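Asker: My questions all concern the structure below.
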Amino acid sequence: MKAAAFAYARATSVVNALDLLEAHGDRAKVLSGGQSLMPAMNLRLISPELVVDIGEVAELRGISVTGDTVRIGALTRHVELQRSPEIVAHAPLLTEAIAHVAHPAIRNRGTIGGSLAHADPASELPACMVALNATIIIRGKTGERRVAATDFFTGIYETALAAQELLVAVELPTGRRKSAHFFHEFARRHGDYAIAGLAAQAVVEGDLFADLRLAFFAVGDRPVLAKAATKLVNIAITRAGLSAALAVLSQELDPQSDQQASASMRRHLAGVLLTRCVGTLLGRPDLGAGGPA
């Protein structure tokens, strides 16, 4: 199939893009990397009257570190994130996760802003933003607002972004001392959509978690920041304690069944991921690296 007829405008600045979005409202769509927008248009899942191309807006590119904050421009491509020494140093979870995003051709064109605004619940980057306690920077005609990643994703392909607003950047806190991360996803083939995945950021003090953020993806309508993590922080981890956390996780997840996997399979795989995460980060193979305790 081919996309329905549409008008095209190349924005010259953020202000110009916002003017176009304000003038056309819900009838306009923003084009950044195009790796999600163009397939949806070709399948006629969406049919915008105007496509606003922000790809040449230089102010939306780049990665910078200021104090204890890493700022990533919305047009920063996946491959740039993967190769960035700043990301390796301050947010290595992202470096590892990017390797699981589709295929090289997609990573060479896709942008972080496009991925987050698209809000696919099986996507890696939204979960990473939740795990890393990121702040999403949004700009509209009346100014800028900041939204916590946990509040930004509101449903399947739904976010807190209004039709007349533009996602301009992401800010991450730099990694704390003794911080550690875990990333893994289950997919039928590398590059396929995840069946279940986990992005985790932790602070490990000896044999304990001083902090633990578990962001599951592909097991709900948005990234899930698991409350089960509270069962694992500041306590000595035993198999019984891990089992209690797994029980909490199973109850809080609400996965859907589809052609890829049943809801029960996704819930089981989430438990496997949690067990592997805890065992890996604490160096505790006795907890059962192969599956739930």
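Bear in mind that the values in this text are calculations on the coordinates, not laboratory data. As the structure is a computational prediction, the values presented were derived from the model and not from experiment. Positions of Cβ are backbone-derived with ideal geometry, glycine not excepted, and every protein chain shown enters the neighbour counts.
Asker: Using a Cα-Cα cut-off of under 30 Å, which lysines could be cross-linked to LYS2, ignoring same-chain neighbours fewer than 8 residues away?
Answerer: LYS29
Asker: Taking only the alpha-carbon positions of the stretch 169-293 and ignoring solvent, what does the Debye formula give for the base-10 log of I(q)/I(0) at q = 0.09, 0.13 Å⁻¹?
Answerer: After summing over all Cα pairs, the log10 values are -0.24, -0.50.
Asker: Using θ = phi - 60° and the Karplus curve 6.51 cos²θ - 1.76 cosθ + 1.60, what whole-Hz ³J(HN,Hα) does each residue of the stretch 186-201 get, with Gly and Pro shown as x?
Answerer: Once θ is set to phi - 60°, the couplings for the stretch 186-201 become 9, 9, 5, 9, 4, x, 6, 4, 5, 7, 7, x, 9, 10, 10, 10 Hz.
Asker: Please arrange MET265, MET1 by counting, for each residue, the other beta carbons lying within 10 Å of its beta carbon, fewest first.
Answerer: The fewest-first ordering by Cβ neighbours comes to MET1, MET265.
Asker: Sticking with this one: Just add up the charged neighbours of VAL233: K/R +1, D/E -1, any other residue whose Cβ is under 12 Å from the Cβ of VAL233.
Answerer: +1
Asker: Follow-up question, since we're still on this one. Over the residues of the chain, compute the C-alpha Rg and express it relative to 2.2 N^0.38 Å.
Answerer: 1.02
Asker: What does the net charge come to around ALA17 if you take all other residues with beta carbon closer than 12 Å to its beta carbon, with K and R at +1 and D and E at -1?
Answerer: Charge balance near ALA17 sits at -2.
Asker: Still on this structure: Just to be sure I understand: of the beta bridges DSSP finds with both ends in the chain, what percent are antiparallel, rounded to 5?
Answerer: Beta bridges within the chain, antiparallel portion: roughly 80 percent.
Asker: How big is the convex hull of the Cα atoms of the stretch 59-173, per residue, in Å³?
Answerer: Output value, Cα hull per residue: 97 Å³.
Asker: If you don't mind, another one. Given that compact globular proteins tend to follow 2.2 N^0.38 Å, what is the ratio of the alpha-carbon Rg of the stretch 7-53 to that value?
Answerer: 1.10
Asker: Also, quick follow-up: When the helix-only estimate is applied to the chain (DSSP H runs of n ≥ 4, each -39,500 (n - 2.57), divided by the residue count), what is the mean residue ellipticity at 222 nm, nearest 500 deg cm²/dmol?
Answerer: Only helices count here, giving -9000 deg cm²/dmol.
Asker: Could you line up LEU94, LEU253 from fewest to most neighbouring Cβ atoms inside 10 Å?
Answerer: With the sparsest Cβ surroundings first, the list reads LEU253, LEU94.
Asker: Choose one answer from GLN35, GLN259, GLN164: the residue with the largest mean-square fluctuation in a GNM of the chain with alpha-carbon springs under 10 Å.
Answerer: Greatest mean-square fluctuation among the candidates belongs to GLN259.
Asker: Under a crude label model (7 Å from the Cα following the beta-carbon direction), how far is VAL79 from ARG146 in nanometres?
Answerer: Between VAL79 and ARG146, the simple spin-label model gives 3.3 nm.
Asker: Can you give me the Cα centroid spacing of the stretch 162-199 and the stretch 212-258 in angstrom?
Answerer: If we compute the Cα centre of each part, the gap is 17 Å.
Asker: Another question, then. I want the antiparallel fraction of DSSP beta bridges within the stretch 1-150, as a percent rounded to 5.
Answerer: That works out to approximately 60 percent antiparallel.
Asker: While we're on this one: Within the set of other residues whose C-beta is less than 12 Å from the C-beta of PRO223, count the net charge using Lys and Arg as +1 and Asp and Glu as -1.
Answerer: Result for the neighbourhood of PRO223: -2.
Asker: Through the Karplus equation 6.51 cos²θ - 1.76 cosθ + 1.60, θ set to phi - 60°, convert the phi angles of the stretch 148-154 into ³J(HN,Hα) values in whole Hz; use x for Gly and Pro.
Answerer: Those phi angles translate into 4, 4, 5, 9, 6, 8, 10 Hz.
Asker: Using θ = phi - 60° and the Karplus relation 6.51 cos²θ - 1.76 cosθ + 1.60, list the HN-Hα couplings for the stretch 25-30 in order, rounded to whole Hz, with x at every Gly or Pro.
Answerer: With the stated coefficients, the stretch 25-30 comes to x, 5, 7, 10, 10, 8 Hz.
Asker: Now, a different point. Run the simple label-point estimate for SER262 and ASP53 please: 7 Å along Cα→C-beta, distance reported in nm.
Answerer: For SER262 paired with ASP53, the spin-label model returns 4.8 nm.
Asker: For HIS184, enumerate residues with amide H under 5 Å from its amide H, sequence gap 5+ or separate chain, H modeled in the peptide plane.
Answerer: Those lying under 5 Å, H to H, from HIS184 are LEU198.
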